[in-house]
Amino acid sequence: MSSSSAPALPPREDADLADDVARILRVTLAERREELRAIAPEVASLVGVLSTFLEGGKLLRPRFCFWGGAAVRVPDEAERERLATLGAAIELVQAAALVHDDLIDHSPTRRGRPAVHVAAADDHRARALVGSSEEHGAAVAVVLGDLALAWANALAAEVLASAPASAPAARREYDLLCSEVMAGQYLDILHQAGGFVSQALEEDAALAVIRWKTIPYTVLRPLRLGAALLGADDALLEGLSRYAEAVGRGFQLRDDLLGVIGDEAATGKSASSDIAEGKRTLLLAVAQERADDRQREVLARTVGADDASPEDLAAVRAVLRGTGAIAEVARRVREDADAAVGTVSAMTGITDQARAALIDLARATTDLAGLELGPTAD
């Protein structure tokens, strides 16, 4: 899961969608704060934590949801509001997933700030509360993620209740979004533990995790959700699905690159945590397949070692470059981007505005500009 740079939409849609989603989230969280305040002020403070966590989001998923709807027809004001509200619900699903994902992966930062579990642990420590600060932080992250998901479901249900004709198809897409990302998360956990044995090849396992953890809730289901809400036919949904598969895979492969050679100031995430955690990405699978004995020794010594020195991390990056793994993954990102653009360019029954926007989104979410991708070490 990622926090990569996001594309610009045409000016009106970009400004209006961002404003609408922000407004809906602000109103929703204000209502939830009042509900929780009736329980205790300490509980209500969780809303502030979630509000801060949502700051700096790129609204990628709401954009795909909006353009899925706009692919069917230019939405009227009521439809725009429904699409924006579903986008806000998806943002809350993403918040739940990221809060939990950071905890699972022991990620220290998110969007340039301490991850929720880290901030909660720091607060526990600063206030000299009883018990383990780390366990307290983990518990807070679990609770906050659960709250975000519950509120997302309530918001989505509210929208679907106002669109009865298309509600069953749209509801199915939303339900699949929630269940598939959790299934993908489990596959990722299992893969990290060496238990994802139904995929014999390491590369296939890494790609399967992307297929179920990233693609559904980042591109596929938001896109199909918006389209289903406005009554898309099967042909349009199938074309959007092919586009989404390519964009979602390229997006995650790019994020894997950012996780080892990205600019931390630009991405807001660590460029060493994937190495320290031993994330079993396609990037690592390719490197291990191509590495010689010396390079495998470097990988074995450092990947997954949370006490790796800067020199050790640099040595791993040198192996990733020297084996051509970085260049290979970059090639696949470009290939996916071209496939997505080709798919949407050839689609019929789609509005011209949506076609142009989806092409822009495909290019921007797979943009490799500024990354050192050469096959050899610096």
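The values are calculated or read from the model by the stated rules, or taken from the named source; none is laboratory data. None of the values given here were measured: they were computed from a predicted structure. Reconstructed Cβ throughout: ideal geometry from the backbone, glycine too, with neighbour counts over all protein chains shown. Heavy atoms of the whole protein, side chains included, go into the accessibility calculation; ligands, DNA and RNA do not. Shrake-Rupley method; radii C 1.70, N 1.55, O 1.52, S 1.80 Å.
E134 fails exactly one of the following numbered conditions: (1) open to solvent by less than 80 Å² (accessible area, probe 1.4 Å); (2) more than 20 Å from L54 (Cβ to Cβ); (3) part of a helix (DSSP H, G or I); (4) in contact with a helix residue (DSSP H, G or I) (Cβ under 6 Å, 6 or more places away or on another chain). What is the number of that condition?
(1) is the only condition that E134 fails.
Please go through segment 38-57 and give me each residue that is at pLDDT 95 or above, more than 15 Å from A152 (Cβ to Cβ) and among the small types (G, A, S), ordered by number.
Of everything in segment 38-57, those that are at pLDDT 95 or above, more than 15 Å from A152 (Cβ to Cβ) and among the small types (G, A, S) turn out to be A38, A40, A44, S45, G48.
With respect to L258, determine if the residue is at pLDDT 90 or above and under 18 Å from the mean Cα position of the chain (by Cα).
Yes: the conditions hold for L258.
Hey, can you tell me all the residues within segment 67-96 that are modelled with pLDDT under 95 and among the aliphatic types (A, V, I, L, M)?
Correct list: V74, A78.
Could you tell me whether any residue of segment 342-352 is at positive phi, of a type in the set (G, A, S) and open to solvent by 50 Å² or more (accessible area, probe 1.4 Å)?
So far as segment 342-352 goes, yes, one or more of its residues are at positive phi, of a type in the set (G, A, S) and open to solvent by 50 Å² or more (accessible area, probe 1.4 Å).
Does segment 288-315 hold any residues that are open to solvent by less than 80 Å² (accessible area, probe 1.4 Å) and more than 17 Å from E202 (Cβ to Cβ), and which are they?
Answer for segment 288-315, where residues must be open to solvent by less than 80 Å² (accessible area, probe 1.4 Å) and more than 17 Å from E202 (Cβ to Cβ): D292, V298, T302, A305, A308, S309, D312, L313, A314, A315.
Among the residues in segment 100-110, are any under 20 Å from K58 (Cβ atoms), open to solvent by 60 Å² or more (accessible area, probe 1.4 Å) and not hydrophobic (A, V, I, L, M, F, W, C)?
no
State which residue is modelled with the lowest pLDDT when the search covers only segment 265-283 and only residues that are closer than 19 Å to A327 by Cα and open to solvent by less than 20 Å² (accessible area, probe 1.4 Å).
A271
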